[in-house]
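**Q** The structure's right below; bear with me while I get my questions together.
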Amino acid sequence: MWRRRSSGGGSAAETHEAPEAAETRQTRTEPPSDLMIDALGRKCPIPIIMLAEQINVVPLGGVVAVLADDPAAFTDIPAWCRLKSHAHVASYDLPQGGWSIHVRRNY
Amino acid sequence: MPLRAAPVSVLTVAYLDAASTEPLHPAAREALMTALDAGWADPARLYGTARRAQMLLDQARAEVAEIIGARADEVSFTSSGTQAVHLGVLGTLRGRRRAGRRLVVSAVEHSSVLNAAAVHEHDDGEVETVGVDRAGRVDAAAFAEAVSGPGTALACLQTANHEVGTLQPVEEAAAACLAAGVPLLVDAAQSAGRLPIPGGWSVLTASAHKWGGPAGVGVLAVRKGTRWRSPYPEDERERRRVPGFENVPAIVAAAAALRARTAEEAAEGPRLSALVDRIRHEVPRLVPDVEVIGDPVARLPHIVTFSCLYVEGEALLTELDKAGFAISSGSSCTASTLRPSHVLEAMGVLTHGNVRVSLPRGVSEGDVDRFLAVLPDIVRRIRATLGVH
């Protein structure tokens, strides 16, 4: 079955840059965020509901980092950003598996 | 234990899952009943009843060949569409071993193609996967580039996607394959009987139960001149392509259904397509935060897929079942696979809260009306349980 490469395979951390984002960063280390949402162990759509509830906590242009390990979140959080006109900045592999998915509040 | 009545009578259930399997076509039922009596003997033998079975089998083969644009001697019947794909992929790779060990597939092929590709990879073969756009369409230029790579033994492309209905650029892919001297396997499982089979294939696969034939019949056509060698032990049946005793009655019924379905399509296709257009248009109007996915125009006539934000897909399908709708989903996030649909993932669209509505032949407009009437409240209630209002 075709799958994107999942994290936790023992290789060096990968960064999945958002193709649409203008200011993607080439660094492999995760930059700081304004708010971190811990959705590890939670199944979709819960991580997205948590993000939708808290996106307005950060100031305009602020970045929310969603920690999630449900494989659906990797696709669904960027898709949510597209539908809701926020920006998916990048997704960073977590050493224990899962990702830190960075979202910038646009409005 | 006392018997309890089901909440919704079986008679009122609307079947909207034709992409999983189409109900048996009346023409297939009639042909099956006749052929069970006339075509049960071993078609490989020489006595009268056997020759009768052979004649029925030949007739079915000729009919299917004509509809798919093949010669009768290019067509074999398999025991399923999946087996046709497995034989098509692995047999062509085996036949073209000298040409190379590279297999090109699209990222949104049916699991039968991708699982055969995984076997090839385990066998030290190389697999290159070509991505798709947001609508689920393969990038024709990227596909052409991939097949022109050295050592390419085979390329595989579906006619249309089974989860979102988007049509694939098969003719462009076939032209690129022809230029590169690479055979193209076209998986026509979702479109056969509904849309004309595009030309340019070297290997064609299809599945009878998707067009209203019985289960247990697949089609494998291998163009003359395409090198193919069975990955199975030798067997005399079906031009040495498919092992085992042919199910002649089911094959006869499959051919009858394909003939009938193809003849009806001129009227039924546009009718179903108009109902799909209506669902595509109405669902986002009636339900907030919905993404309708797949190509709105270059699509199959009978499939429409959408995803609802903040809704767990399984809960949605369960509630629709309670309301009298047999519907499935491309994604099964929380079910047996524990992975989102590889198709939706490759498209980069929402994978949760996914519903695939696929209309069978003869579906009533009233069923679609009722679906559109119950959906908004079901979605609202599920969202409310998760605290989303």
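Every read-out reported here was derived from the displayed coordinates using simple, explicitly stated rules and does not represent laboratory data. Here the structure is a predicted model, which is why all the values come from computation and not from measurement. Here the Cβ is made from the backbone with ideal geometry for all residues, glycine too, and neighbour counts use every protein chain on show.
**Q** Sort out for me the Cα centre separation of region B:159-234 from region B:67-117, rounded to whole Å.
**A** If we compute the Cα centre of each part, the gap is 8 Å.
**Q** Just tell me the longest site-free run in chain B, where the sites are GluC sites (Glu not before Pro) in a DSSP loop having at most 16 other beta-carbon atoms within 10 Å.
**A** Value returned for the longest uninterrupted segment is B:1-233.
**Q** Also, quick follow-up: Show which lysines lie in cross-link reach of A:Lys84 when reach means a straight Cα distance below 16 angstrom and same-chain residues fewer than eight apart are skipped.
**A** Within the straight-line cut-off, A:Lys84 pairs with nothing.
**Q** Now for a different question. If one takes the longest principal axis of the Cα atoms in chain B, at what angle in degrees, from 0 to 90 and to the nearest 10, does the Cα axis of helix B:48-68 lie?
**A** Computed tilt is about 60 degrees.
**Q** Direction-averaged shadow area of the convex hull around the Cα atoms of region A:30-104, nm²?
**A** It is 4.3 nm².
**Q** Between rounded, prolate and oblate, where does region B:26-260 land on the alpha carbon gyration tensor, with a ≥ b ≥ c its root eigenvalues, rounded for a/c under 1.5, else prolate if a/b exceeds b/c?
**A** Prolate, because a/c is 1.5 or more and a/b exceeds b/c.
**Q** Over chain B, what relative contact order in percent results from Cα pairs under 8 Å that are six or more residues apart?
**A** RCO, chain B: 22 percent.
**Q** Relative to the longest principal axis of the C-alpha atoms of chain B, give the angle of the C-alpha long axis of helix B:81-95, reported between 0 and 90° and rounded to the nearest 10°.
**A** The angle comes out at about 40 degrees.
**Q** Right, something else. Can you give the charge dipole size of chain B about its Cα centre, rounded to the nearest 20 debye, using +1 on the beta carbon of Lys and Arg and -1 on the beta carbon of Asp and Glu?
**A** My answer is approximately 640 debye.
**Q** To make sure I understand, if each residue's beta carbon is the centre and we count other beta carbons within 10 Å, what order do B:Ser307, A:Ser33, B:Ser329, B:Ser148 fall in, fewest to most?
**A** Listed from fewest to most nearby Cβ atoms, that is B:Ser148, A:Ser33, B:Ser329, B:Ser307.
**Q** Rounded to whole Hz and in sequence order, give me ³J(HN,Hα) for region B:248-256 from the Karplus expression 6.51 cos²θ - 1.76 cosθ + 1.60, θ = phi - 60°, writing x for Gly and Pro.
**A** 4, x, 5, 5, 4, 5, 4, 5, 5
**Q** DSSP loop (so not H, G, I, E, B), at most 11 other Cβ within 10 Å: list which trypsin sites (Lys or Arg not before Pro) in region B:87-118 pass both filters.
**A** B:Arg98
**Q** Eigenvalues of the Cα gyration tensor times 5, then square-rooted: what semi-axes does that give for the protein assembly as shown, in whole angstrom, largest first?
**A** Equivalent-ellipsoid dimensions as semi-axes: 42, 29, 18 Å.
**Q** For peptide A:33-46, compute the average count of partner chain beta-carbon atoms within 10 Å of each residue's beta-carbon.
**A** Per-residue shielding by partner chains comes out at 3.
**Q** On a 0 to 90° scale, report how tilted helix B:170-180 is relative to the longest principal axis of chain B, with both axes built from alpha carbons and the result rounded to the nearest 10.
**A** On a 0 to 90 degree scale, this one is about 40.
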